[in-house]
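Notes follow once the structure below has been shown.
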Amino acid sequence: MQKIFIKTFGCQMNEYDSNRIFDSVKKIGYQKSENLEEADCYLLNTCHIRDKAKEKVYSEIGRVKKSFRAKKKPLVIIAGCVAQAENQEMLKREPYIDLVIGPQAYHKINETILNHIEKRKKIEQTDFDAVSKFKYFSKIKNEAGKISSFLTIQEGCDKFCHFCVVPYTRGPEYSRPFNQIIEEANYLSDNGAKEIILLGQNVNAYTDNSNSKRLSDLVLEIEKIKDIKRIRYTTSHPNDMTDDLIEVYKVSKKLMPLVHLPVQSGSDRILKLMNRKHKIDHYLKVYDELKKINQSIEFSSDFIIGYPGETEEDFQSTVDLIKKVNFINSYSFIFSPRPGTKAEALDLIDKKTSMERLEFIQNLLSENQTQMNKKLKNRTIDVLVENLTEDKSKAFGRTEYMTSVIFNGKREHIGKIVKVKITNSNRTTLFGELLSNPDQKVA
Ligand code: SAM
Ligand code: SF4
């Protein structure tokens, strides 16, 4: 057996892909290693969404080189969105790299590795072929074996927001066939999954045209799998929050009440400059409709701060929106110009102003989260137990809103939904005691 060490940067989709790559290379004799030093193959799954993505890859390769200075060089593979964007360039710039493989060509990973070993040739694979990729992977079982497992249902994007590289690195929008997804959900359940997180760059744009199935249909079908207790989806676009998806919140028993719905900015003027194609009014309409269905639904979001042209007034609109919606678990970033996008060449706003604005909204979001967590003190909540803590002394799980909970659980609780009485909290984590008798009344 050869050993493969996979390092993953970026989003949940990359995490899913890394797992699937591992499921594939197992077939040609690789076993997973958690230790870089003993690897025969080193695979870096990269992210291109922000900042110095390219430089991060080369400095990572520098570190690998150092570790193997006195040893036989491993097979070095660059996968993910930087691989897609840079392709041949990477092989030219860094001879230590052997193979470059883009996100829509992972079904070719085994043959690419074998080809390289046989011919000693550097290879670049960056074709967009999502159909063949998912067909290939549907024949290989997803053996993630995690309580909370990712399942990619949709990839790519046709929306072309001016700041975003996704349409260039992941290619056009593609939805997997409905039955293929249900089959994978069943495999995951057979392997111990209790929660499924449906993934896509625009997950709620999911449409299987052959039988007119949408994300709402997927949720209701996956819900039928007995051992799956919770269903989530991410990341959605406000314009794809269709009526059927909103309605599903009325009937679904397993869809979690946290909606991650990136808005990017609270200003219609900036949304227009970003080419987001939605307005704040629409966003708030979706918010109102969901709240009407279930008052306990909460929202989280992504924000881009300091987009070219953002005035103090625009920024204030973002602050107002945050105060109105009371977002939890949100992400915020300073605009980062990405190569090849429309916004790449725009004049940046003053860096200090961007930093100050980012700090302001991050404080606002954090304060909100801290307060919401504090309110849970002495309350009893349902926790899906995912694992033991690293020192094995406690158990770790999540609430319906994805907040981490650490409590006095045991191995036997892993995979179960238990009742935990919250005794303390900080911004990111709740701490509590397992209720031995779930019917016990709490103060
Ligand atoms: N499809 C989702 C949507 O439309 O909202 C977002 C997916 S995108 C891969 C994830 C997040 O990265 C975005 O919501 C955005 O906040 C952030 N992002 C993307 N490009 C960025 C850029 N150039 N600078 C800063 N943040 C960026
Ligand atoms: Fe990127 Fe999302 Fe816009 Fe598509 S909709 S371009 S993934 S931010």
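Checking the cross-link pairs LYS141/LYS254; LYS394/LYS416; LYS285/LYS323 against a 21 Å limit on the alpha carbon distance flags LYS141/LYS254 as lying beyond it. Plainly put, the chain has a radius of gyration that is 0.96 times its Kirkwood radius, both from alpha-carbon atoms, as the Rg/Rh ratio. Separation of the range 184-198 and the range 327-384, taken as the distance between their Cα centroids, equals 31 angstrom. Leaving ligands, DNA and RNA out of it, report the carbon-plus-sulfur percent of the accessible area of the range 173-224 at a 1.4 Å probe. Taking all protein chains in place, the range 173-224 shows 39 percent carbon and sulfur surface. Would you mind classifying the range 109-181 by shape? Square roots of the alpha carbon gyration tensor eigenvalues, ordered a ≥ b ≥ c; an a/c under 1.5 is rounded, otherwise it is prolate if a/b is larger than b/c and oblate if not. Oblate shape, in that a/c is at least 1.5 and b/c is the bigger or equal ratio. Pairs over the 26 Å Cα-Cα cut-off, from the set LYS194/LYS410; LYS146/LYS224; LYS292/LYS375; LYS159/LYS250; LYS71/LYS92: LYS159/LYS250. Applying the Karplus relation 6.51 cos²θ - 1.76 cosθ + 1.60 with θ = phi - 60° to the range 415-424 yields 3J(HN,Hα) values of x, 9, 9, 10, 9, 10, 8, 7, 10, 7 Hz, where x marks Gly and Pro. Surface composition of the range 332-443: carbon and sulfur atoms hold 49% of the protein heavy-atom accessible area at a 1.4 Å probe.
Each peptide among 173-180, 79-86, 146-153 gets the average number of other Cβ atoms lying within 10 Å of its residues, and from highest to lowest they stand as 79-86, 146-153, 173-180. Computed from the C-alpha gyration tensor, the three semi-axes of the ellipsoid equivalent to the range 336-402 are 39, 18, 11 Å, from longest to shortest. At a probe radius of 1.4 angstrom, the accessible area of the range 243-385 per residue rounds to 49 square angstrom.
Checking the Cα-Cα distances for LYS7/LYS72; LYS32/LYS139; LYS7/LYS277 against a 25 Å cut-off, the pairs over it are LYS7/LYS277. Among VAL57, GLN316, LEU218, whose Cα projects farthest towards the positive end of the dipole of the chain, with charges put on the beta-carbon of Lys, Arg (+1) and Asp, Glu (-1)? So the residue furthest toward the plus end is VAL57.
The values are calculated or read from the model by the stated rules, or taken from the named source; none is laboratory data. Small disclaimer: the values here were computed from a predicted structure and weren't measured. Glycine gets a Cβ as well: all are built from the backbone with ideal geometry, and neighbour counts include every protein chain shown. Accessible surface areas use protein heavy atoms only, side chains included; no ligands, DNA or RNA. Shrake-Rupley method; radii C 1.70, N 1.55, O 1.52, S 1.80 Å.
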